[in-house]
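A.B. asks: Right, I'll just put the structure down here and ask away after.
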Amino acid sequence: MKGHNPIDVCLIDDGVNEYPFQIGTLKYNKEIKGNLKIIDRKHYDKHLKSHGTVCAGIIKKYAPAARLSSVKILNEKNNRKGTTKQLITALYWCLANHIKIVNLSLGSTYFLDFAAIRDCVNEVAEQGLIMVAASNNNGLFTLPASLTNVIGVKSSDDLNSNPYVFDPYPYDGVDVITSGKHSIPSEQGEVFETNSSNSFAAPFITSRVHGILTENPFFTVEDIKKELYTHSISNESSYNPYLIISTDCMMKKRNTAYLP
């Protein structure tokens, strides 16, 4: 069964700017301030190739039918940092506004953040929000990427831009390994080349998840993981996502969230 309605994909990042990569009109373009006030994003450079804009360009390259939205929680400066409270607020906003897929090229490696992130992710995932999240570039345990109800992604220089490897029983909770290198056409006719970072690997998998949900709109995250596993270039003889050992941690929180 194919879905007839556009699938809403939201990037929680440092903002998506519409013009560089033929992204088109955003359904929602929001910003969550440090005080957690949610506002319409205004007075920004629509031509700037920001981190979130590049991620959006990757999604649009491989899933041109995706209907994109943006929630900005990261600063443009200071290494694109935000807070755990901003991330949690953004995830609840996505759920309330009927977003189906969230691309998170960000996360936290600080263990005191983990309980708050985990509790939020558990709640929104239970209600059907699909999250694709990049792991930390230094190989550190990262939330949300390492949680079992999130599709975690990391990059490898050994893979080209399209293939991916699904690890059915990952030691770090990160499910998918793929390339972060992509060539994105711009409106000016130039081609923008991304580096092989986890941040740019995640949007490609987001595009694959979009394709899966286009064909199977009622798939759960477990169904999606099984489908990703089926089309992985390397897989084990069997895989059951319900038998994964949970890597979810019971910790106290601190208000920090940042880009891997």
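Every read-out reported here was derived from the displayed coordinates using simple, explicitly stated rules and does not represent laboratory data. Computed from a predicted structure; not experimentally measured. Positions of Cβ are backbone-derived with ideal geometry, glycine not excepted, and every protein chain shown enters the neighbour counts.
A.B. asks: Counting other C-beta atoms within 10 Å, and keeping those with at most 10, which DSSP coil chymotrypsin sites (Phe, Trp or Tyr not before Pro) do you find in the stretch 149-198? Don't skip to the answer; put the middle values down first.
C.D. replies: On the way: sites: Tyr164, Phe166, Tyr171, Phe192; in loops: Tyr171.
Here the sparse-neighbourhood loop sites are Tyr171.
A.B. asks: Then there's this: For Thr148, list long-range residues whose amide hydrogen, built 1.01 Å from N in the peptide plane, is under 5 Å from its own amide hydrogen.
C.D. replies: Residues meeting the amide H criterion: Thr247, Asp248.
A.B. asks: For a 30 Å ceiling on Cα separation, which of these pairs sit above it: Lys85/Lys226; Lys30/Lys77; Lys37/Lys154?
C.D. replies: Details: Lys85/Lys226 32 Å; Lys30/Lys77 18 Å; Lys37/Lys154 32 Å.
With Cα atoms farther than 30 Å apart: Lys85/Lys226; Lys37/Lys154.
A.B. asks: Net charge within 14 Å of Val102 by Cβ-Cβ distance, Lys/Arg positive one each and Asp/Glu negative one each, not counting Val102 itself?
C.D. replies: On the way: positive: Lys27, Lys30, Arg67, Lys72, Lys100; negative: Asp8, Asp13, Glu123.
Net of charged neighbours comes to +2.
A.B. asks: Kindly provide the chymotrypsin sites (Phe, Trp or Tyr not before Pro) of the stretch 26-89 that DSSP labels as loop, not H, G, I, E or B, and whose Cβ sees at most 16 other Cβ atoms within 10 Å.
C.D. replies: Details: sites: Tyr28, Tyr44, Tyr62; in loops: Tyr28, Tyr44.
Counting only loop positions with at most 16 other Cβ atoms within 10 Å, the chymotrypsin sites (Phe, Trp or Tyr not before Pro) in the stretch 26-89 are Tyr44.
A.B. asks: Can you classify the stretch 1-126 as rounded, prolate or oblate using the Cα gyration tensor, where a ≥ b ≥ c are the square roots of its eigenvalues, rounded means a/c under 1.5, and otherwise it's prolate if a/b beats b/c and oblate if not? Intermediate values should be presented prior to the final figure.
C.D. replies: Working: a/c = 1.77, a/b = 1.18, b/c = 1.50.
Oblate, because a/c is 1.5 or more while a/b does not exceed b/c.
A.B. asks: I would also like to ask the following. Kindly provide the trypsin sites (Lys or Arg not before Pro) of the stretch 1-107 that DSSP labels as loop, not H, G, I, E or B, and whose Cβ sees at most 14 other Cβ atoms within 10 Å.
C.D. replies: Working: sites: Lys2, Lys27, Lys30, Lys33, Lys37, Arg41, Lys42, Lys46, Lys49, Lys60, Lys61, Arg67, Lys72, Lys77, Arg80, Lys81, Lys85, Lys100; in loops: Lys2, Lys27, Lys33, Lys37, Arg41, Lys42, Lys46, Lys49, Lys77, Lys100.
Taking the stretch 1-107 and a limit of 14 other Cβ atoms within 10 Å, the loop trypsin sites (Lys or Arg not before Pro) found are Lys2, Lys33, Lys37, Lys42, Lys46, Lys77.
A.B. asks: Quick one: go through the stretch 97-116 and flag any residue whose amide nitrogen is under 20 Å from the point 7 Å out along the Cα-to-Cβ line of Thr220.
C.D. replies: 99-102
A.B. asks: How far apart, in nanometres, would the label points at Ser186 and Ser234 be if each is projected 7 angstrom from Cα along the Cα-to-Cβ direction?
C.D. replies: Placing both labels 7 Å beyond Cα along the Cβ direction yields 3.5 nm.
A.B. asks: Follow-up question, since we're still on this one. Scan the chain and hand back the longest stretch that contains none of the GluC sites (Glu not before Pro) lying in DSSP loops with at most 14 other Cβ atoms within 10 Å.
C.D. replies: Numbers: sites that count: Glu76, Glu187, Glu190, Glu236.
No qualifying site falls inside 77-186, the longest such stretch.
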